[in-house]
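To start, the structure itself, in structure tokens.
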């Protein structure tokens, strides 16, 4: 199990057999049948939106290292539609997030030009179709999170809650970029056994796909790779997507 480094598998097979799939940039685009020429031409404009993320006001560890935006969608797999849902709070039970669970967190919405971009919507829909091959579903309730973790305070924590599950069906962690940082090792472990893998996502558009019921995951803190001048910045940007059948997570 988890022999992703030496025995790469098609994404659906990896999810079915191992509960995860790690895809390099070219493999990611090919797996989802996303047009590489369009991504090369249009993705940089969307990626620049990570420079405009507002601070996350809900960090309970007292840190100021995370910036974030949030959007929700409903994908109807039978009708072949993907619709953005009205803006809503992000909520997780404390069983899945002991640090930030149990209360509604309202984040600034993803910018309309990003949330409605054909490239962005094509990515979400393609992933939903892939996950339906692993677990048939009539609808996916999708949450999209833009994250920037910086080291302005000396250390940044991509997962301050530690190793966790998200309480959904599938999770995607896609690297948008990293600059001037060291650390940030991604760790994925069998939720019911001792097996696991560790790796550092370094190339933009590297994507980790997870079956949330079968694995737990975390990313270790990041540190500046070297001393920065006053205008310098060191950060790690990711797009995190969650897919859940049966509705968005919400307080009972």
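Structural remarks
- Take the Cβ atoms of residue 94 and residue 61, set R0 to 22 Å, and the FRET efficiency comes out at 0.90.
- Highest mean first, the peptides 243-251, 202-210 sorted by other C-beta atoms within 10 Å per residue fall in the order 202-210, 243-251.
- Springs between Cα atoms under 10 Å define the GNM used for the chain, and in it the highest mean-square fluctuation of 57, 113, 234 occurs at 113.
- A straight chain from residue 16 to residue 185 at 0.36 nm per residue would run longer than the Cα-Cα distance by 58.4 nm.
- Calculated SAXS-style log₁₀ I(q)/I(0) at q = 0.10, 0.15, 0.17 Å⁻¹ - the range 16-117, Debye, Cα scatterers: -0.43, -0.97, -1.17
- Rounded to the nearest 500, the 222 nm mean residue ellipticity of the chain from helices alone is -5500 deg cm²/dmol, with -39,500 (n - 2.57) taken per DSSP H run of at least 4 residues.
- Bins of 5 Å from zero: percent of alpha-carbon pairs in the range 149-252: 2, 12, 21, 22, 17, 12, 8, 4, 2, 0
- Distance between the range 187-252 and the range 32-47 - C-alpha centres, whole angstrom: 22 Å
- The length gained on full extension between residue 113 and residue 223, counted as 0.36 nm times the residue separation minus their Cα-Cα distance, comes to 36.4 nm.
- Label separation (residue 78 vs residue 37): 3.8 nm, computed from points 7 Å beyond Cα along the C-beta direction.
- Remark: relative contact order (the range 69-152) = 43 percent; criterion is Cα-Cα distance under 8 angstrom and separation of 6 or more residues.
- Shape of the range 83-202, Cα gyration tensor, a/c cut at 1.5: rounded
- Full-extension gain in nm, residue 163 to residue 52, via 0.36 nm per residue minus C-alpha separation: 37.2 nm
Each reported figure results from applying straightforward, stated rules to the coordinates on display, with no laboratory input. Being a predicted model, the structure only gives us computed values, none of them experimental. No Cβ is skipped: glycine too gets one built from the backbone with ideal geometry, and neighbour counts run over all protein chains shown.
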